[in-house]
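What follows is a set of notes on a single structure, which appears directly below.
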Amino acid sequence: MPSQQEALVAALRERQCAASPVLHGGHALLLLGDDPGADTVSWLRKQPMVAEIKAARTPYVLAGRDLHPEDTVIQIGNAKVGGGQFALIAGPCSVESESQILTTAKALAKSGISILRAGAYKPRTSPYTFSGLKEKGLAYLAKAKAETGLPVVSEIVSPLDLSLFEDVDVIQVGAKNMQNYPLLQALGTLQKPVLLKRGYACTVDDLLMSAEYILAGGNTQVILCERGIRTFETQTRYTLDLSAVPVLKRLSHLPVVVDPSHAAGDRRIVPPLALAAVAAGADGVMIEVHDNPACALCDGAQAVTLEGFAALQRKLWQIRSIVTESEV
Ligand code: PEP
Ligand code: MN
């Protein structure tokens, strides 16, 4: 016996109209393909189970603002991101040892960060470089979370590892995996925040379509992250596309965070980019910090020192207060 929704989908198919059911924020939605035509729309209007028909102008129906004009605010531990709430995310590229992550986490907690970042699974370009402490890394990160009370964000590389991320408050999808659709679909089945980083050869629209994969599974908590794209410029590791911030915020209700560290590849360039990201209206910044960058196992050149971060965060809040003042 087909459900009412299945019957509706079948009836629409007979009318040459493709329809995909999705569950979103507790509502059953039926996404129709291209313009279904006036006849089908008026037929749909008469169906008892149809409460409302809305038009979306973009293919990222759930990530876009047409059906969801108000900003999404995501709660992460005691922190909130989006809708006027700013999150300061910082930590080392990778968990390297228990003492490294505990020292760093405690110092960053004193600097007033909102969320601690650190990777345990690192998808490295070279198979011969440090690829993270894996489960042990997640255990050390959980200890840092317990000792500081800070929520944590860490990168996942395979849907097979999902069960290991229970203690992780925000699951990061790295730039290299932004279009790993089975991974995005697996994350869509959770009710947990996902930090989705823009692939370095992907457009803003590509990023929004990847967010759509997660949202279409029913997970409403996606944070978008600009982290630099590949251009002809070689003085920086990537080129931070700051215009993506206001563009994404116009197109989407999802919070937008900027990672200046991977874009810069050089700690000297991180503070100005971070300040510029806040000025551009980002809902948060994510900065790589290391207690001894010269000895970092991953991304040492772009890691700011603990002292450097303490000075930077003060300026970030100053810029943030100017940005929010001008919104009043
Ligand atoms: C990271 O955040 O450490 C990372 C690997 O970033 P990206 O995926 O943006 O390269
Ligand atoms: Mn890194």
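The values are calculated or read from the model by the stated rules, or taken from the named source; none is laboratory data. Everything numeric here is computed off the predicted structure, so don't read it as measured data. Please note: Cβ atoms are built from the backbone with ideal geometry, for glycine as well, and neighbour counts cover all protein chains shown. Side chains are part of the model used for accessible areas, which takes the heavy atoms of the whole protein and leaves out ligands, DNA and RNA. Shrake-Rupley method; radii C 1.70, N 1.55, O 1.52, S 1.80 Å.
Laid out as a table, the results:
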{"read-out": "Check on GLY199, within 15 Å of ligand 1 (Cβ to nearest atom) and either aromatic (Phe, Trp, Tyr) or surrounded by fewer than 22 Cβ atoms within 10 Å (Cβ to Cβ) (or both)", "value": "yes"}
{"read-out": "Residue check for PRO127: farther than 30 Å from LYS315 by Cβ, touching a Lys or Arg at 6+ places or on another chain (Cβ under 6 Å) and either away from ligand 1 (no atom under 11 Å from the Cβ) or in a loop (DSSP other than H, G, I, E, B) (or both)", "value": "no"}
{"read-out": "Cβ pairs under 7 Å, 6+ apart, first in the stretch 299-321 and open to solvent by less than 60 Å² (accessible area, probe 1.4 Å), second among the acidic types (Asp, Glu)", "value": "ASP299/GLU288; GLN302/ASP266; GLN302/GLU288; ALA303/GLU288; LEU306/ASP291"}
{"read-out": "Within the stretch 202-216, considering residues that are touching a residue at least 60 places away in the same chain (Cβ under 8 Å) and of a type outside the set (A, V, I, L, M), the one least open to solvent (accessible area, probe 1.4 Å)", "value": "GLU212"}
{"read-out": "Condition check for GLU96: exposed (fewer than 15 other Cβ atoms within 10 Å of the Cβ), more than 12 Å from ligand 1 (Cβ to nearest atom) and more than 21 Å from the chain's Cα centre (by Cα)", "value": "no"}
{"read-out": "Residue list for the stretch 41-73, filter: among the hydroxyl-bearing types (Ser, Thr, Tyr) and buried (at least 18 other Cβ atoms within 10 Å of the Cβ)", "value": "TYR60, THR72"}
{"read-out": "Filter pass, ARG250 being in contact with an Asp or Glu (Cβ under 9 Å, 6 or more places away or on another chain) and modelled with pLDDT of 95 or more", "value": "no"}
{"read-out": "Filter result (of a type in the set (Lys, Arg) and away from ligand 2 (no atom under 12 Å from the Cβ)) within the stretch 104-137", "value": "LYS106, LYS110, LYS134, LYS136"}
{"read-out": "Strands (runs of 3 or more DSSP E) contained entirely in the stretch 30-94, each with at least 2 residues that are within 16 Å of ligand 2 (Cβ to nearest atom) and either under 20 Å from LYS145 (Cα atoms) or of a type outside the set (A, V, I, L, M, F, W, C) (or both)", "value": "87-91"}
{"read-out": "For ARG237: the one exception among (1) free of Cβ contacts under 8 Å to residues at least 24 places away in the same chain; (2) within 16 Å of ligand 1 (Cβ to nearest atom)", "value": "(1)"}
{"read-out": "Residues satisfying the stated conditions in the stretch 65-78, i.e. of a type outside the set (S, T, N, Q), on the phi < 0 side of the Ramachandran plot and more than 15 Å from the chain's Cα centre (by Cα)", "value": "ARG65, ASP66, LEU67, HIS68, PRO69, GLU70"}
{"read-out": "Residues located in the stretch 26-40, provided they are open to solvent by 50 Å² or more (accessible area, probe 1.4 Å) and under 35 Å from the mean Cα position of the chain (by Cα)", "value": "GLY26, HIS27, ALA28, LEU32, ASP34, ASP35"}
{"read-out": "Leading residue by the ranking (nearest to ligand 1 (Cβ to nearest atom)) among those in the stretch 108-117 that are farther than 16 Å from VAL257 by Cβ and crowded, with 17+ Cβ neighbours inside 10 Å", "value": "LEU108"}
{"read-out": "Filtered residues of the stretch 278-301 (kept if within 17 Å of LEU88 (Cα to Cα) and within 14 Å of ligand 1 (Cβ to nearest atom))", "value": "GLY284, VAL285, MET286, ILE287, GLU288, VAL289, HIS290"}
{"read-out": "Long-range neighbours under 7 Å by Cβ, at least six apart or interchain, first residue farther than 17 Å from ALA311 by Cβ and open to solvent by 10 Å² or more (accessible area, probe 1.4 Å) within the stretch 256-269, second modelled with pLDDT of 95 or more and among the basic types (Lys, Arg)", "value": "HIS262/ARG227; HIS262/ARG237; GLY265/ARG237"}
{"read-out": "Residue among LEU160, LEU164, LEU184 that alone is surrounded by fewer than 24 Cβ atoms within 10 Å (Cβ to Cβ), at pLDDT 95 or above and closer than 20 Å to GLN221 by Cα", "value": "LEU164"}
{"read-out": "Residue that is of a type outside the set (A, V, I, L, M, F, W, C), open to solvent by 10 Å² or more (accessible area, probe 1.4 Å) and under 24 Å from ARG320 (Cβ atoms), where the choices are ARG230, ARG250", "value": "ARG250"}
{"read-out": "Of the criteria (1) open to solvent by 40 Å² or more (accessible area, probe 1.4 Å); (2) within 16 Å of ligand 2 (Cβ to nearest atom); (3) among the aliphatic types (A, V, I, L, M), which one MET178 fails", "value": "(1)"}
